[in-house]
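See structure below.
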Amino acid sequence: MTDAEQVQREGESQAGTNAPPAPDEEVQQRLQGQKGRGRWWKRGALAAVIALVIGGVVVSQQSGDDEGPRYQSGHVVRGELAVTVAATGRLEAREMVDVGAEVSGRLLEVLVDHNDHVKAGQVLATIDTKRLDARAREASGQVRLARAELEGARAEAALRLEERDRVQTLAGRGLASEQALETAVAEARRAEAAVEMAKARASMAHAGLDAARDDVARAQIVAPIDGIVLARNVEPGQTLASSFQVPVLFQIARDLRELRLHVRVDEADVARVREGQTATFTVEAHPGRKFPSRVVSLRNVPSIEQGVVSYEAVLAVQNEEGLLRPGMTATATIVTERVSDALLVPNAALRFLPLEQAKDDATQEESRGSRVSKDDEPRHRVWKLGEQGPEAVALSIGRSDGEQTEVLSGEIEVGMALLVDVEEAKP
């Protein structure tokens, strides 16, 4: 029992049970004193906790300050540098032929499918020849008619020539007039012309028959080359109309063991690309694998897209494993130049800045990949770790392959460790 409760009970016993008396001054003072002490105890505990937290932060910061930044380094090496040009494009078959229909009609059957290997002359599809056969028969009738007309013209010409000769004989004897002779000569010439016209009609009839027969033969669509069917664009029963444009029914590639990679080279790099240069390329279907290739052609016709000028380069690709397919997107790296026995620094070292330098925007603008001198030779700086921290080393650079850069001059030697990255100390 607390003192307050004891005092309260004593007051109740003195006053009786009917009406609770008001607490006296002593009880109020004792109660207020206990409440005040409770408040001060809570405030003191809270202050102690805050002090501990602040002290822990300070200790943590002080202990973190004792640990310096951790640096990563790369080394200067001597070796071969391959200067490259990057370009993207698509793989295509070396020789691809579009096979179409030269006659109109309904497809009766399609005899090949995608990826089928075919031989030159093999039937790929057939077209209904009912109408073509009718035209051929009509053309054949025209030929017979032309022959008959030619025979009639020849017979008529023979009669007219004989009549002319007879009139000429009579005229020589004075038995025929000059007018009769002229008429006989004109009729003979007209008959000879009719023969020539009949010959021409016969020739035209023969040509029509040949064309009709060719159309019947073209109703069988055959493969023009040995190869593989890349695309089949028709189905049996489809009606073909080749009057205005020849429809493409099949695409046949001669051999997929050798492909061509067509890439776009930027105009800034095209002067460095030449036929015969080696290259490698990658495709998304086989990540991490590089395929060899060789530049076989550099086209002179520019391609302009959204104001960007590029030129098409063609690369020869061997596909003996069959891993590559026409239409794949490829990223090529063309080796335009090789530098042997070059002093090389990592490109990350050229981009590196110490923490103090990185915090200074002006210094960062001057140092990150920038020159430190105004002469004709571009000079940069890299950093090495000294006794007092990072120390700058000036150097001039040359060609780069995107990962390493050639050093032309500077206090750089093989094996020197250059700073490439830094990690701030953890608190």
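Taken together, the values in this text are just the output of simple stated rules run on the coordinates, not laboratory data. Just so it is clear, the structure is predicted and the values come from calculations on it, not from any experiment. Every residue, glycine among them, receives a Cβ derived from its backbone with ideal geometry; neighbour counts consider all protein chains shown.
HN-Hα J couplings of the range 318-334 from phi, Karplus 6.51/-1.76/1.60, θ = phi - 60°, integer Hz, Gly and Pro as x?
Residue by residue, the range 318-334 yields 8, 10, 5, 7, x, 7, 9, 10, x, x, 5, 7, 10, 10, 9, 10, 9 Hz.
How far apart, in nm, are two points set 7 Å out from the Cα along the Cα-to-Cβ line at residue 213 and at residue 242?
For residue 213 paired with residue 242, the spin-label model returns 1.8 nm.
For the pair residue 337/residue 316, report the inter-label distance in nm, with labels modelled 7 Å from Cα in the Cβ direction.
Using points 7 Å along Cα→Cβ, the separation is 2.6 nm.
Compute the length gained on full extension between residue 185 and residue 154: take 0.36 nm times their separation in residues and subtract their Cα-Cα distance, giving the result in nm to one decimal. List each step's numbers first, then the result.
Details: separation 31, 0.36 × 31 = 11.16 nm, distance 1.61 nm.
Result: 9.5 nm gained on full extension.
What length, rounded to one decimal in nm, is gained on full extension from residue 423 through to residue 72, with 0.36 nm per residue of separation minus their alpha-carbon distance? Walk me through the intermediate numbers first.
Working: separation 351, 0.36 × 351 = 126.36 nm, distance 0.83 nm.
This chain segment gains 125.5 nm when fully extended.
Report the far tail of the P(r) of the range 131-199, meaning the percent of Cα-Cα pairs longer than 13 Å. Intermediate values should be presented prior to the final figure.
Details: 1560 of 2346 pairs.
Result: 66 percent of Cα pairs exceed 13 Å.
Provide the convex hull volume over Cα atoms per residue for the range 225-346, in Å³.
Values: hull volume 25.4 nm³, N = 122.
Cα-based convex hull of the range 225-346, divided per residue, equals 208 Å³.
Among residues other than residue 334 whose Cβ falls under 9 Å from its Cβ, what is the net charge (Lys/Arg +1, Asp/Glu -1)? Working shown, then result.
Details: positive: 272; negative: 269.
So the environment of residue 334 carries a net charge of 0.
Just how large is the dipole of the range 129-218 about the Cα centre, in debye to the nearest 20, putting +1 at every Lys and Arg Cβ and -1 at every Asp and Glu Cβ? Kindly include the intermediate steps, with their values, before the conclusion.
Numbers: 17 positive and 16 negative charges, 93 e Å.
For this selection, approximately 440 debye.
Listing 405, 126 from the residue with the fewest other Cβ atoms within 10 Å to the one with the most, what is the order?
Details: 405 23, 126 16.
Starting with the residue having the fewest Cβ neighbours, the order is 126, 405.
Around residue 264, under 12 Å between beta carbons, what's the net of Lys plus Arg minus Asp minus Glu among the other residues? Don't skip to the answer; put the middle values down first.
Values: positive: 90, 299; negative: 266, 267, 269, 305, 312.
Net of charged neighbours comes to -3.
With +1 assigned to the C-beta of every Lys and Arg and -1 to the C-beta of every Asp and Glu, and no other charges, what is the dipole magnitude of the range 153-205 about the Cα centre in debye, to the nearest 20?
Computed about the Cα centre, the dipole is about 160 debye.
Calculate the dipole size of the range 61-179 relative to its Cα centre from +1 charges on Lys and Arg beta carbons and -1 charges on Asp and Glu beta carbons; express the result in debye to the nearest 20. Working shown, then result.
Details: 17 positive and 21 negative charges, 194 e Å.
Roughly 940 debye for the range 61-179.
How much length, in nm to one decimal, is gained on full extension between residue 130 and residue 165, taken as 0.36 nm per residue of separation minus their Cα-Cα distance? Don't skip to the answer; put the middle values down first.
On the way: separation 35, 0.36 × 35 = 12.60 nm, distance 5.29 nm.
Here the segment from residue 130 to residue 165 would lengthen by 7.3 nm.
Applying the Karplus parametrisation 6.51 cos²θ - 1.76 cosθ + 1.60 with θ = phi - 60° to the phi angles of the range 132-146, what ³J(HN,Hα) value in whole Hz is obtained for each residue in order, glycine and proline being reported as x?
Whole-Hz 3J(HN,Hα) from phi for the range 132-146: 5, 5, 5, 5, 5, 5, 4, 5, 5, x, 5, 5, 5, 5, 5.
Which trypsin sites (Lys or Arg not before Pro) does the range 118-173 hold that lie in a coil by DSSP with at most 11 other beta carbons within 10 Å? Don't jump to the answer; show the numbers that get you there.
Values: sites: 119, 130, 131, 135, 137, 144, 147, 154, 160, 164, 166, 173; in loops: 119.
Loop-located and lightly packed - 119.
From the gyration tensor of the Cα coordinates in the range 91-162, what semi-axes in whole Å does the equivalent ellipsoid have, largest first, with each one equal to sqrt(5λ)? If you can, show how the numbers build up before the last one.
On the way: eigenvalues 465, 53, 15 Å².
Listed largest to smallest, the semi-axes of the range 91-162 are 48, 16, 9 Å.
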